[in-house]
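Here's the structure, in structure tokens; my notes come after.
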Amino acid sequence: MFSILFFSDILNPMKSIIIANGTLTPCRKILSELKQADLIIAADGGAGHLNQMKILPHVIIGDLDSIDPATLDFYRKKKIPIITHPPRKDQTDTELCIDYALEKKSDEIVFLGVVGHRLDHTLANIFLLRKMADLGIPARIMDAHNEIYLVLSDLTLYGSPQDLFSIIPISDKVTGMTLSGLEYPLTDKTLYMGTALGVSNWFTGTKASVHIDSGAVLVTRSQE
């Protein structure tokens, strides 16, 4: 049986999940995120992942070039809204889903299935986090083993001892970098794009914090 997670009248969702057609391995963590979501948006072929997990999205958005016809027919029969866009467009399906989530007043967005074998799509999706950061909306990319954040000032993460933690500058210069709760802490450090100094750190307890004064960094928390 499919979990009925469809709500016909969502006025002000707190947390949205956008699920795309990249690599996604269902696991307890992923299913828990989906159960906590107020709004589930499938970006085109991302509906296939939900179909495999027997979860109904609230809406499917895209040019429908990657969704399996049988999956599309199934969701049509379930009366799931489908917002179709032409293949020749200036935005990716994932970007269109972001616009929809923002229209619905989402104040947290989680991205699933946005990394995979297409490196161009993977990089573009990772850097969509910058749009969320500029808007002040908490956002992250998740898969079965990793979480990715883009940080402009502060971030606190909770995990387990030995969880892997990496921080990668994505602006020319990052100042005031301070890391705590990690095997290799930093205090008021300046880093430049192109360094791997922040790769492969790890939690010493259950909480790790990042602060930067200026610049932008990608932060990943990973579990083997």
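No lab work stands behind these numbers, since they all come straight from the coordinates. All values derive from a computational prediction rather than experimental measurement. Here Cβ is always computed from backbone atoms with ideal geometry, including for glycine, and neighbour counts include all displayed protein chains.
For segment 146-224, give the magnitude of the charge dipole about the Cα centre (Cβ charges: +1 Lys/Arg, -1 Asp/Glu; no others), in debye to the nearest 20.
With Lys and Arg at +1 and Asp and Glu at -1, about 40 debye.
With point charges of +1 on the Cβ of Lys and Arg and -1 on the Cβ of Asp and Glu, referenced to the Cα centre of the chain, which listed residue (G22, T175, L152) lies farthest in the positive direction of the dipole?
G22
Helix 119-135 versus the longest principal axis of the chain: what is the Cα-based angle in degrees, 0 to 90, to the nearest 10?
It is inclined by approximately 80 degrees.
If you put +1 on each Lys and Arg Cβ and -1 on each Asp and Glu Cβ, how big is the dipole of the chain around its Cα centre, in Debye rounded to 20?
520
Is the shape of segment 136-207 rounded, prolate or oblate, going by the alpha carbon gyration tensor and its root eigenvalues a ≥ b ≥ c, with a/c under 1.5 for rounded and a/b larger than b/c for prolate?
Oblate shape, in that a/c is at least 1.5 and b/c is the bigger or equal ratio.
Starting with the highest mean, order 178-190, 130-142 by the number of other Cβ atoms within 10 Å, averaged over the residues of each peptide.
Ranking, from highest mean packing down: 130-142, 178-190.
Kindly rank 92-98, 17-23, 73-79 from highest to lowest mean number of other beta carbons found within 10 Å of each residue. Before the final figure, lay out the partial values.
Numbers: 92-98: 23.6, 17-23: 26.3, 73-79: 12.7.
Answer by packing, highest mean first, reads 17-23, 92-98, 73-79.
With N set to the residue count of the chain, report its C-alpha Rg divided by 2.2 N^0.38 Å to two decimal places.
1.06
Using packing as a proxy for protection, rank 42-50, 214-222 so that the peptide with the highest average count of other Cβ atoms within 10 Å comes first.
Most protected by this proxy first, the peptides run 42-50, 214-222.
Which percent of Cα-Cα pairs in segment 95-224 sits in each 5 Å bin, short to long?
Reading the bins upward from 0: 2, 10, 20, 23, 20, 15, 7, 2, 0.
Work out Dmax and Rg for segment 74-128 from the C-alpha atoms and quote the Rg first, both in angstrom.
13.1, 35
Run a plain Debye calculation on segment 97-163 (Cα atoms as equal point scatterers, no solvent) and give log10 I(q)/I(0) at q = 0.12, 0.16, 0.17, 0.24 Å⁻¹, rounded to two decimals, same order as the q list.
-0.34, -0.59, -0.67, -1.17
222 nm [θ] for the chain, helices only, -39500 (n - 2.57) per DSSP H run of 4+, per residue, to 500?
-7000 deg cm²/dmol
Divide, for segment 12-122, the radius of gyration over alpha carbons by 2.2 N^0.38 Å, where N is the residue count.
Numbers: Rg = 12.9 Å, N = 111, 2.2 N^0.38 = 13.2 Å.
For segment 12-122, the normalised Cα radius of gyration is 0.98.
For V217, enumerate residues with amide H under 5 Å from its amide H, sequence gap 5+ or separate chain, H modeled in the peptide plane.
Hits under the 5 Å cutoff: V151, I170.
Hey, how many Å between the Cα centroid of segment 145-187 and the Cα centroid of segment 37-61?
Taking the Cα centre of each part, segment 145-187 and segment 37-61 sit 31 Å apart.
Measure nothing fancy, just the Cα-based angle from helix 93-103's long axis to the longest principal axis of the chain, in degrees from 0 to 90, nearest 10.
Roughly 90 degrees, rounded to the nearest 10.
Students often get this wrong, so check it: of K15/K89; K54/K77; K89/K173; K131/K173, which have C-alpha atoms separated by over 25 Å? Before the final figure, lay out the partial values.
Details: K15/K89 27 Å; K54/K77 15 Å; K89/K173 34 Å; K131/K173 19 Å.
Beyond 25 Å between Cα atoms: K15/K89; K89/K173.
Quick one: if you take sqrt(5λ) for each eigenvalue of the C-alpha gyration tensor of segment 165-224, what semi-axes come out, biggest first, whole angstrom?
The answer is 19, 12, 9 Å, longest axis first.
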